[in-house]
Amino acid sequence: MIGKIFITSSGYDPQLGKHVKDPYLGPKASLGACRPDIRRQVKEGDHLFVISGKLPNVRQFVMGGFEVAQKIDALQAYERFPDQRLRMRDDGQLIGNVVVDASGAQHELDTHDPATFGKRTPNYIVGSDCISLVDSAEIALGREQTLDMLREIFKKNGGSPFEIVGHYGSKLTEDQVIKLREWLLSLKKVTEAA
């Protein structure tokens, strides 16, 4: 078992920024449209963690993580997870991370370069055992502690998650995966007890 941790695109923050459509950190955790490089690298049993995107004057936080249970193609995801198909929310933001239509062609709402579409449809990740920070107390603790936790895990003294994890994300050892999962669970327990 290994892991990968990465930062989502700038501006994406489930509380203070744009809606985070991929990865999906809910009951049917998945990563399906973004980061084809990472989706290609991980295998079943590995773990993925994601950090919120950069916003001015807002501390980024580890939003959550999950175990890679399965890798399928986007058309299979279209059939199995209708709730994750691309669509527009009432506020005009995209939701969903299945980028194909019923025929397997690029979904009309997917605005990525059609030339790269074929690289983005394999390795849709179905997750399990998701731990995510969702309520405001959990998120507040996550914002407060993320940078210190990343410094401790990676033994780096960066001033931001980007300086520690980098543009392409970072690999995690089994010990680092366990430590991150335990830390996320501890944040949830602290807020439940409050």
(1) open to solvent by 30 Å² or more (accessible area, probe 1.4 Å); (2) closer than 18 Å to residue 7 by Cα: which one isn't true of residue 177, the others all being true?
(1)
When you go through 182, 144, 192 one by one, which is the residue that is open to solvent by 50 Å² or more (accessible area, probe 1.4 Å), outside any strand (DSSP E or B), in contact (Cβ under 8 Å) with a residue 40 or more places away in the chain and among the acidic types (Asp, Glu)?
144
Which listed residue, of 21, 28, is under 14 Å from the mean Cα position of the chain (by Cα) and open to solvent by 60 Å² or more (accessible area, probe 1.4 Å):
28
Per the filter on the stretch 1-14, residues polar (S, T, N, Q) and either surrounded by fewer than 17 Cβ atoms within 10 Å (Cβ to Cβ) or in a strand (DSSP E or B) (or both) are 9, 10
Can you give me the number of residues within the stretch 69-85 that are within 14 Å of residue 21 (Cβ to Cβ) and in contact (Cβ under 8 Å) with a residue 40 or more places away in the chain?
4
Considering residues that are crowded, with 21+ Cβ neighbours inside 10 Å and either modelled with pLDDT under 95 or over 20 Å from residue 133 (Cα atoms) (or both), the number found within the stretch 53-83 is 3
Open to solvent by less than 90 Å² (accessible area, probe 1.4 Å), assigned to a loop (DSSP other than H, G, I, E, B) and not aliphatic (A, V, I, L, M): is that true of residue 159 in this structure?
yes
I need the full set of residues from the stretch 117-135 which are in contact (Cβ under 8 Å) with a residue 60 or more places away in the chain, within 16 Å of residue 37 (Cβ to Cβ) and open to solvent by 50 Å² or more (accessible area, probe 1.4 Å), in order please.
119, 122
Collect the residues in the stretch 100-141 that are farther than 20 Å from residue 40 by Cβ, of a type in the set (Ser, Thr, Tyr), under 20 Å from the mean Cα position of the chain (by Cα) and in a loop (DSSP other than H, G, I, E, B), keeping them in residue-number order.
111
Breaking point among (1) more than 21 Å from residue 119 (Cβ to Cβ); (2) open to solvent by less than 50 Å² (accessible area, probe 1.4 Å); (3) more than 12 Å from the chain's Cα centre (by Cα); (4) not hydroxyl-bearing (Ser, Thr, Tyr), for residue 49
(3)
Could you list, ordered by first residue, the pairs with Cβ atoms under 6 Å in which the first is in the stretch 52-68 and on the phi < 0 side of the Ramachandran plot and the second is buried (at least 18 other Cβ atoms within 10 Å of the Cβ) and among the aromatic types (Phe, Trp, Tyr), at least 6 apart or interchain?
52/61; 53/12; 62/49; 65/49
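The values are calculated or read from the model by the stated rules, or taken from the named source; none is laboratory data. Not measured: the values here are computed from a predicted model. In this analysis, Cβ positions are derived from the backbone assuming ideal geometry, glycine residues included, and neighbour counts consider all displayed protein chains. Please note that ligands, DNA and RNA were not included when accessible areas were found on the heavy atoms of the full protein model with its side chains. Shrake-Rupley method; radii C 1.70, N 1.55, O 1.52, S 1.80 Å.
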